[in-house]
Amino acid sequence: MQVLSYLIPISLALGGVGLLAFLYTVRSGQYDDPEGDSRRILSDEWDDHPKP
């Protein structure tokens with residue numbers, strides 16, 4: 001039972017780190033345009049192998 005006194009704070013700290021990382025990604029705007037990425041994948045406008 002003494003191991004719980006170590007594991008509970010460690011799990012809370014890891015959860016807090018995950019929450020802070022998620023909030024950072026939301027504030028930096030990484031989820032602003034999810035539809036645009038899917039459209040760019042299917043678009044032929046930007047071809048990786050241009051014709052010579």
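The values are calculated or read from the model by the stated rules, or taken from the named source; none is laboratory data. Note that the structure is a prediction, hence the values are computed from the model and not measured. Counting neighbours? That spans all protein chains shown, and the Cβs are built from the backbone with ideal geometry, glycine included.
Hey, can you tell me all the residues within segment 1-34 that are aromatic (Phe, Trp, Tyr) and either part of a helix (DSSP H, G or I) or modelled with pLDDT of 95 or more (or both)?
The answer is Tyr6, Phe22, Tyr24.
Being surrounded by 10 or more Cβ atoms within 10 Å (Cβ to Cβ) and hydrophobic (A, V, I, L, M, F, W, C) is the filter here, so list the residues in segment 22-43 that pass it.
Listed by number, the residues that qualify are Phe22, Leu23, Val26.
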